[in-house]
Amino acid sequence: MSENSILLIEDNFDDRFLLKKFLSTSGLNNWKIKEAVKLAEAIECLEKNTPGAILLDLSLPDSYGEDSFYQVKRNAPKSPIIILTGMADLSMAKRLIQKGAQDYIVKGEYDPRLLEKSIEYAIERHKLKFENDRNREKLLDSVLEAQDTERVRIAKELHDGVVQSLTVVSLSLGLLRSAIHKFDSRQRAQYEKCTENLSVTIDEIRNISHSLMPRSIAEMSLSEAIEGLMEDLEDSSEITFEFITNLDQEPEESLKLTIFRIVQELSTNAIKHSKANNMMVQLIDYPDHIYLMTEDDGIGFDKSEILESKNCFGLHSIESRVNSHGGLIEIDTRPGKGTNIFTSFYKGKKG
């Protein structure tokens, strides 16, 4: 299949016949049509080629309703989807327009011209949306890159500037210890308190510096860095973290930082929003790919509602980090059912 092709996913023979008949008498009569009567067949087709448009019946022998749409959309993100619906499923079809379908056609209420226009308009709308999404991804990727650069700068400034200056002050205070016998009890107490507060402040600034750009990223393996992050988060939250990995070869530096940042963002989100008791992080190494999977037993969320909101920088930043490395991400969640997030990365160089 190619741009001038249509994948027709419909199990009813009469509906398939009518659609092909109408297409043959429309301006799309030279387009190739591939048919699938089951969702599994459709997905197999999509794994091999990307059609110019998809006509999808929501009632299939092996799938029904919104699940059919989401599975097709997941396997064909670059193809516009037009829903084929009967009157009974009309409200569902309208909802799916808000979820990413480009149009819907009511069976028995269209003609060749309407079918042709629906497909043409769906393709144009999808192209426009795709370009807008790409521009948004580029902008967000630039923001994240600038964010990481600024984190490095601030971390270096704190560690090399502020911490070193405070260390000098600490050493100067240490020189006074030889004269502490000359202090009265009040002066000694003030001296001890000042020394203690200074030490705590230095430690806090070091911690802030390391959280902005953890030293472990440069000095430890990715597995050790994530394990250390899990331990720190578990100490400061009510979530029990479990980390499983078989990674024995380090990814290139940019991908290493990307994976660490994704784990950091997902773990922080879980602490803030999930109300989970447990979270598992798995980092699995295969010959050509690295798979990162996180799973929590929290309250979950409505994925489409959250992703469409304006207050979703965390998830959008994760998607942008994944996309910037040509990776894939799948989010499986719904209210009351916890959250599972699967990401995969090719182990070669970025781009």
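The values are calculated or read from the model by the stated rules, or taken from the named source; none is laboratory data. All values reported here derive from a predicted model rather than from experimental measurement. Here the Cβ positions follow ideal geometry from the backbone for every residue, glycine too, while neighbour counts run over all protein chains shown. Just the protein is used for accessible areas: all its heavy atoms, side chains included, with ligands, DNA and RNA removed. Shrake-Rupley method; radii C 1.70, N 1.55, O 1.52, S 1.80 Å.
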Please work out which residue is surrounded by the most Cβ atoms within 10 Å (Cβ to Cβ), limiting yourself to region 106-140 and to residues that are among the β-branched types (Val, Ile, Thr) and in contact (Cβ under 8 Å) with a residue 40 or more places away in the chain.
-> Ile119
Take Lys48 and decide whether it is touching a His at 6+ places or on another chain (Cβ under 9 Å) and exposed (fewer than 12 other Cβ atoms within 10 Å of the Cβ).
-> no
Those residues that are of a type outside the set (D, E, K, R) and either free of Cβ contacts under 8 Å to residues at least 40 places away in the same chain or within 21 Å of Leu114 (Cβ to Cβ) (or both), I need them from region 46-67; list them, please.
-> Leu46, Pro51, Gly52, Ala53, Ile54, Leu55, Leu56, Leu58, Ser63, Tyr64, Gly65
List the number of the failed condition for Asn135; all other conditions in (1) closer than 30 Å to Gly52 by Cα; (2) modelled with pLDDT of 75 or more; (3) assigned to a helix (DSSP H, G or I) hold.
-> (2)
Please verify whether region 175-185 includes one or more residues that are part of a helix (DSSP H, G or I), of a type in the set (Lys, Arg), more than 26 Å from the chain's Cα centre (by Cα) and at pLDDT 75 or above.
-> yes
Checked region 255-284 for anything touching a residue at least 40 places away in the same chain (Cβ under 8 Å) and either open to solvent by 50 Å² or more (accessible area, probe 1.4 Å) or acidic (Asp, Glu) (or both); matches are Glu265
Scan of region 264-298 for residues that are part of a strand (DSSP E or B) and β-branched (Val, Ile, Thr), ordered by number = Val281, Ile284, Ile290, Thr294
Among the residues of region 206-227, is there at least one that is open to solvent by 70 Å² or more (accessible area, probe 1.4 Å), over 22 Å from Tyr291 (Cβ atoms) and modelled with pLDDT of 80 or more?
-> no
State which residue is farthest from the chain's Cα centre (by Cα) when the search covers only region 1-29 and only residues that are within 14 Å of Leu60 (Cβ to Cβ) and not charged (D, E, K, R).
-> Phe13
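Among the residues of region 70-84, is any modelled with pLDDT of 90 or more and exposed (fewer than 12 other Cβ atoms within 10 Å of the Cβ)?
The answer is no, given that none of the residues of region 70-84 is modelled with pLDDT of 90 or more and exposed (fewer than 12 other Cβ atoms within 10 Å of the Cβ).
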